[in-house]
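> Shown below is the structure under consideration.
The values are calculated or read from the model by the stated rules, or taken from the named source; none is laboratory data. This one's a predicted model, so the numbers in the text were calculated from it and none came from an experiment. Quick reminder, even Gly has a Cβ in these numbers, built from the backbone with ideal geometry, and neighbours come from all protein chains shown.
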Amino acid sequence: MNERFIGVFWEALKAAKKRQRESLVFSSIDETRSISVSSISHFVINDHIVKVYYNNEVFDFTSTMTKICELLHSNENFVRIHRSTLINIAYIASFGRKMVVMRNSDRFVVSRNYIGDLKAAIKRWPYLHSEIVFLAWHRKRKSEM
């Protein structure tokens, strides 16, 4: 085989795998959707019914949180904050003691079992970390006045 062909083939294969990771396909009883991972703000599960929130839309499908976490294991943007909630930290507006507020104003309780994971994830995002530290400092200063 031609070395140039092999090189082009491997590059195309890498690109296809990258595109595959950039979107996920979810299926319900009567519908299948391909959703861009970067557009997903969070997942909430109740009785194996998963709701994925993305681009101001919601899609329901059947799965487990463990399976969702496995799908996203290589994506550092997602962090589990409760046994029923997985969030994309890029969509956090603010968080306080045991509470996360998303940009769409949804609020979630952070389980004490997952608070360490959330703090570690936020530290990986310098912009988000500095913004949240500023908000905490501002609230503290405001309460001292």
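> Would you please name the residue that is nearest to S27 (Cα to Cα), looking only at residues in segment 42-73 that are assigned to a strand (DSSP E or B), of a type in the set (S, T, Y) and without any contact (Cβ under 8 Å) to a residue 40 or more places away in the chain?
Filtering segment 42-73 for residues that are assigned to a strand (DSSP E or B), of a type in the set (S, T, Y) and without any contact (Cβ under 8 Å) to a residue 40 or more places away in the chain, the one nearest to S27 (Cα to Cα) comes out as T62.
> Take the conditions β-branched (V, I, T), surrounded by 12 or more Cβ atoms within 10 Å (Cβ to Cβ) and at pLDDT 90 or above and apply them to I92. Does it pass?
No: the conditions fail for I92.
> I'm trying to understand the selection: among the residues of segment 74-97, which are part of a strand (DSSP E or B) and hydroxyl-bearing (S, T, Y)?
Within segment 74-97, T85, S94 qualify.
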